[in-house]
Amino acid sequence: MSKFFAVFHVIAVLALALSAVFIWRLRCESFGCMGVGVAWFAWGLAFFPVLAIGGALCSRSSLGVRLRKLTRLAVWAQVVLGLVLLGAWVCKNAV
């Protein structure tokens, strides 16, 4: 069962990265870009459970060497993605 969650985690991290690119490219609509804000809020709600699943799976010996390395790489990629987006948000709102 943990192998299923590990594969799910890797796919979810890829989906988060692709959806972040998609949301980043969205244009504002009317009344203060509310749709873009809602999209980022939903993205943030998905980010943390996926990170928690990845963190729980990182130390599982039942995954095997390759899948455990892939899971750790996906967790680090997700952390970097989150930090880059957080930094971009801070820089954008600092002006």
Counting just the residues of segment 8-28 that are touching a residue at least 40 places away in the same chain (Cβ under 8 Å) and closer than 19 Å to L63 by Cα, which one comes out surrounded by the most Cβ atoms within 10 Å (Cβ to Cβ)?
H9
Which one of the conditions (1) among the small types (G, A, S); (2) within 10 Å of the chain's Cα centre (by Cα); (3) at positive phi does A15 fail to meet, given that it meets all the rest?
(3)
In segment 57-67, how many residues are part of a helix (DSSP H, G or I), without any contact (Cβ under 8 Å) to a residue 40 or more places away in the chain and surrounded by 10 or more Cβ atoms within 10 Å (Cβ to Cβ)?
0
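Tell me which residues, restricted to segment 29-44, are at negative phi and exposed (fewer than 14 other Cβ atoms within 10 Å of the Cβ). Walk me through it before giving the result.
Going through segment 29-44, the residues at negative phi turn out to be 29-30, 34-44.
The answer is E29, S30, M34, G37, V38, F41, A42, G44.
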Positions within segment 75-95 being among the β-branched types (V, I, T) and open to solvent by 40 Å² or more (accessible area, probe 1.4 Å), in sequence order:
V79, V80, V84, V90, V95
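The values are calculated or read from the model by the stated rules, or taken from the named source; none is laboratory data. This one's a predicted model, so the numbers in the text were calculated from it and none came from an experiment. Note that each Cβ is placed from the backbone with ideal geometry, even for glycine, and that neighbours are counted across all protein chains shown. When the accessible area is computed, the model is the full protein with side chains, heavy atoms only, and any ligands, DNA or RNA have been set aside. Shrake-Rupley method; radii C 1.70, N 1.55, O 1.52, S 1.80 Å.
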